[in-house]
1. According to the square roots a ≥ b ≥ c of the eigenvalues of the Cα gyration tensor, what is the shape class of the stretch B:301-383, taking rounded for a/c under 1.5, prolate for a/b larger than b/c otherwise, and oblate for the remainder?
2. Can you sort A:Lys233, A:Lys195 so the residue with the fewest Cβ neighbours within 10 Å comes first?
3. For the stretch B:248-365, count the residues as N, evaluate 2.2 N^0.38 Å, and divide the Cα radius of gyration by that value, please.
4. Could you identify which residue out of B:Phe197, B:Phe275, B:Phe45 has the top mean-square fluctuation in a GNM of chain B using Cα springs shorter than 10 Å?
5. What angle, in degrees between 0 and 90 and rounded to the nearest 10, separates the Cα long axis of helix B:283-311 from the longest principal axis of the Cα atoms of chain B?
6. Multiply the residue gap between B:Ser270 and B:Glu315 by 0.36 nm, knock off their C-alpha separation, and tell me the result in nm, one decimal place.
7. Measure out, as a whole number of angstrom, how far apart the alpha-carbon centroids of the stretch A:173-195 and the stretch B:144-173 sit.
8. Rg and Dmax of the protein assembly as shown, Cα atoms, in Å?
Amino acid sequence: MKILVAVKRVTDPDARIRLNADATGIDMTGVEYKVNPFCENAVEGALQLRDAAGGEVVVVSIGPEEVDTYIRTGLAMGGDRGIRVPLEDENLDSDVVARVLAALVAKEEPELVMLGKQAIDGDNNQVAQLLAGYLGWPQACFASEIALSDDQQSAEVTREVDGGLEVLNVGLPAVISADLRLNEPRYASLPGIMKAKRKTIDVYEAADLGVDTTVKVRVLKLESPPERAAGIKVDSVDDLLGKLRNEAKAL
Amino acid sequence: MTQKDPQFTEDHGIFRTAFRKYVENELAPHVDSWEKEKIFPREVFTDMGQRGYLGMRYPVELGGSGLDYWFTVVYAEELVRCGCAGVPMALMVQTDMATPVIEDLGTEEQKQEFLMPAITGEKVAALGVSEPNAGSDVAGIQTTARRDGDDYIINGAKTFITNGTRADFVTLLVRTGDQPGYGSISIFLFPTDTKGFSVSKKLEKIGNHSSDTAELVFEDCRVPARYLLGQENMGFYYLMRNFQGERLIGSVSAMAGSKLNMERTLEYCSDRKAFGRPVSKFQTSRHLFAEMATRIEAGQRLAYHAADLYDRKIEAVKEISMAKLYCGETSCWVADRCLQLHGGWGYMDEYQVSRAWRDSRLVTIGGGTSEVMREIISKCMGV
């Protein structure tokens, strides 16, 4: 089975981020990138399926040359080869990403596409759904468990929804997005890192793939959330009830 | 330590990210209990061995990855994130103190029997140099190996041995002749299941609690001559060479630990208020942080310079000794100042700074004291 899995770099979630001068993005001075954690679950999920069913895992990312390191990390974890489509972050929205991935699917013809359920920077949670729409494939988003059928024609996907679990049976090819509980991503081993050096990362220009890269969403302005004001201490429960009732109007 | 250093390639970066995650997820959460138990599980060795983390620089044929010294630098720098110095020390003894000499000098048979299982983590290694009556004065050791037919009979005692309570073999320094001083010293690979060997005491220490330290006794231990490493009576020279790697990784680790300690202290001082403002905003604190950052940077650069020479196989005894001296003293000073910045809380076990303070005290002693370093440096200078 051939699986295409996409990884995205995000700003380090532990860094204290500031807005850039014209408030249209993040000031990246001194801030490092990391791989989106949900994407690591997607890679791990793809590797586990391949290890069980045989086949190939192709690790894909969209971005400048620097994102090669995240593809290479996927290869060090066990991915077979990589593809990068060079586009700058400023010129991307969920829809462009979905269209690029759809073009790669047309080229690579995988039986399964795996993605993280969302990226922890924009938190858009759109690419998997849009991609499935463009491809006309079934989608199973927020997967916490995946079981491939014996004939590899379908997959039973458990997804976490409000109030419980939903089990879907999707025919392949399909798009599956990974939740954190799907698995625990493996650590790249040193032999894995050494092997990854010899694996190829192909670079495909969006234009050559025939993708229209016009964005549908433009960020006009970002605003930092208001600074949290200091709390107060109350002397008694009555005092607290009074304030909740009269000032906060919470009761 | 930063990606700006050109010696760190993409591969070093991938390893750093993966290994940091490993240390933070698989080691750090357990360190508090390991510190109490005064040991950590053996599975840490086998688990790390399986992932190739214990044999980075050793040849692929022996189960290693054949990598450069900068991978070892990354390994030492990330290990400190487990939150103590004991576990890193035990692991560095395994990878960089007790085994490099086997790769250097060992026969094929010795590498198969000792080095390969150390790389997989199946065998735990210890380095046996110090004795109750000889530490810095290495030439003063009294443990003897006397030839008897095809065997040697070993008698004596070793102390302060990291991994000592559970080591499967000891890279052991002994006296093989009557010549005084360093003329008749040899190294043996000593399996601890040899009859007559015993662990006489598990030692209690100021710090590095999660690592076990032992006193070892050898009573008429008969080992075959094939366990002699390299040539007889050349042990002192081999050991001096082996010390270089030990001191270098100790320096790198000390600066990485100091940097982490400083960063955590800065976080604490930014939150902690006194006289109406964060402690970090007082000029006395700000200048102290500036001074600490500068000394750590200087120590790290000195260690990197020595590492660069070492990696290119250029003689670097002076530079490594300088790094060991400076990084050791600096890490004690930084740990002490960080504790001071925590005030009363620094004296409590609740904050890691107290552990860092206890652990740091070893760095100016272990692997050669600061005094010995000054001795070596002055000799290199010809004074």
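1. Values: a/c = 3.35, a/b = 2.30, b/c = 1.45.
Verdict is prolate for the stretch B:301-383.
2. On the way: A:Lys233 6, A:Lys195 13.
Arranged by neighbour count, lowest to highest, A:Lys233, A:Lys195 become A:Lys233, A:Lys195.
3. Working: Rg = 15.5 Å, N = 118, 2.2 N^0.38 = 13.5 Å.
Normalised by 2.2 N^0.38 Å, the Cα Rg of the stretch B:248-365 equals 1.15.
4. B:Phe275
5. Once rounded, the angle reads 30 degrees.
6. On the way: separation 45, 0.36 × 45 = 16.20 nm, distance 4.40 nm.
Gain on extension, B:Ser270 to B:Glu315, equals 11.8 nm.
7. Using only Cα atoms, the two centres lie 45 Å from each other.
8. Rg then Dmax for the protein assembly as shown, in Å: 28.7, 96.
Read-outs: derived from the displayed coordinates by stated rules, not from any lab. As the structure is a prediction and not an experimental result, all values here were calculated from the model. Positions of Cβ are backbone-derived with ideal geometry, glycine not excepted, and every protein chain shown enters the neighbour counts.
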